[in-house]
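Presented below is the structure to which this report refers.
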Amino acid sequence: MRKIFVGGIAFISIVVIGLIALLVLSFWPSAKAKPLPKVDKIQSVNIPLAKYDKSTTKYARDFVVSDIHGRFDSFKAALKTVNFSKSDRLFVLGDTIDRGPEGFHALLYLTHTLPSEGYHVVVLTGNHEDMWFEMASKGTTDKERQSNLNGQIDIYEGDAPNGWEASIKEWNALTANERAYLLNEMGTGFGEPRMLVMQIDGKWVSFSHSTNFTKTIETETVNDLSWYNQMKDSDDTFNKSVAAKLGVPESDVQAFIGHIGGLRFGVHPHYICLDDTNTRDFSKSPGVPLYEIENGKFYKG
């Protein structure tokens, strides 16, 4: 009987110690978490127009998203829906910020949190990142940049429906280093070109925030790749020029874009548009669509 009693006490002790250990570990910093790098100087470069990536690295699945526009909760829900993993890859085609309330937190998540944890994310620049960098990078100190930012807000689509007020509020709540880090990322194009052309799942694909489909790939400009939105189903010059450059049939070329506000969302003859933002009420964080290249399907959280 005494042995049973002693054994019971020992078992309970082990359980208690285990629970205490779990409680301690739950508050212990993750070994995977890396601090945000300190940025002392904001860099700015002429972001390359195009890059042809001939790497053969294969991922389990490739997802594309664009125009998150501050819908951070919905975006994370979409990633959860598809069980996004470290064997997958995600392409973000710009306009992550503005309109919704958490665009900068979404950018921090995409450019630092996920990559530091081993996820594969490629972020491209949209016109809203261009505008924000132009507006918020003037000055040599954080205090000076903040002052200049608040003084310029009305120059850039300052109407309430566009959500600049939400952006200002979120930006001001960031730390000085978070602001510097994000400006540095935007000023250098997140280390990527305006347009990325690569082979995925047996097809050549182009990723850019927008594209002028009446032009060849050689004549596209920064404005075309950031602002152009007058697409027609008959516009196929761009696709034909990419196919000719690569020496493949036009059917082997697929373009991905965002930018055009839900007017052309979905699959079209010469491109797939990921921008579904035909609503102006971003406070409700409407769902963010993810497109999987391998199976040609849209998903939402």
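Which residue pairs have Cβ atoms under 9 Å apart, sit 6 or more places apart or on different chains, and have a first residue in region 65-84 that is farther than 14 Å from Leu110 by Cβ and a second that is among the acidic types (Asp, Glu) and assigned to a loop (DSSP other than H, G, I, E, B)?
Pairs found: Asp73/Glu102; Val82/Asp88.
Kindly establish whether Thr96 is in a helix (DSSP H, G or I), surrounded by 20 or more Cβ atoms within 10 Å (Cβ to Cβ), modelled with pLDDT of 95 or more and out of contact with any Cys (no Cβ under 7 Å at 6 or more places or on another chain). Outline the logic, then answer.
Values: in a helix (DSSP H, G or I): no; surrounded by 20 or more Cβ atoms within 10 Å (Cβ to Cβ): yes; modelled with pLDDT of 95 or more: yes; out of contact with any Cys (no Cβ under 7 Å at 6 or more places or on another chain): yes.
So Thr96 fails the test.
For region 109-128, name all the residues that are in a helix (DSSP H, G or I) and more than 14 Å from Phe63 (Cα to Cα). Steps first, answer last, please.
As a first pass, look at region 109-128 and keep what is in a helix (DSSP H, G or I): 109-116, 127-128.
Residues satisfying the conditions are Tyr109, Thr111, His112, Thr113, Leu114, Pro115, Ser116, Asn127, His128.
Tell me which of these Gln152 doesn't satisfy, since it passes every other one: (1) surrounded by 19 or more Cβ atoms within 10 Å (Cβ to Cβ); (2) at pLDDT below 95; (3) touching a helix residue (DSSP H, G or I) at 6+ places or on another chain (Cβ under 6 Å); (4) assigned to a helix (DSSP H, G or I).
Against the list (1) surrounded by 19 or more Cβ atoms within 10 Å (Cβ to Cβ); (2) at pLDDT below 95; (3) touching a helix residue (DSSP H, G or I) at 6+ places or on another chain (Cβ under 6 Å); (4) assigned to a helix (DSSP H, G or I), Gln152 comes up short only on (1).
Taking the criterion of being modelled with pLDDT of 95 or more, under 30 Å from Pro101 (Cβ atoms) and either outside the structural domain of Phe75 (by TED's automatic domain parsing) or assigned to a loop (DSSP other than H, G, I, E, B) (or both), would at least one residue in region 230-253 satisfy it?
no
Please count how many residues of region 66-93 are touching a strand residue (DSSP E or B) at 6+ places or on another chain (Cβ under 9 Å) and either surrounded by fewer than 24 Cβ atoms within 10 Å (Cβ to Cβ) or not assigned by TED's automatic domain parsing to the domain that holds Leu290 (or both). Can you show your working first?
Start the filter on region 66-93 by keeping residues that are touching a strand residue (DSSP E or B) at 6+ places or on another chain (Cβ under 9 Å), which leaves 66, 68, 75, 78-79, 81-82, 84, 86-93.
Pick out the ones that are also either surrounded by fewer than 24 Cβ atoms within 10 Å (Cβ to Cβ) or not assigned by TED's automatic domain parsing to the domain that holds Leu290 (or both) and you get 78-79, 81-82, 84, 86-90.
Total meeting the criteria: 10.
State whether one or more residues within region 263-274 are among the aromatic types (Phe, Trp, Tyr), touching a residue at least 12 places away in the same chain (Cβ under 8 Å) and part of a loop (DSSP other than H, G, I, E, B). Steps first, please.
To start, the set of residues in region 263-274 that are among the aromatic types (Phe, Trp, Tyr) comprises 265, 271.
From what is left, the residues that are touching a residue at least 12 places away in the same chain (Cβ under 8 Å) are 265, 271.
After this cut, where a residue has to be part of a loop (DSSP other than H, G, I, E, B) as well, the list is 265.
Taking every residue of region 263-274 in turn, at least one turns out to be among the aromatic types (Phe, Trp, Tyr), touching a residue at least 12 places away in the same chain (Cβ under 8 Å) and part of a loop (DSSP other than H, G, I, E, B).
The values are calculated or read from the model by the stated rules, or taken from the named source; none is laboratory data. Every value quoted in this text rests on a predicted model; they were computed, and no experiment measured them. Every residue, glycine as well, gets a Cβ built from its backbone with ideal geometry; the counts of neighbours run over all protein chains shown.
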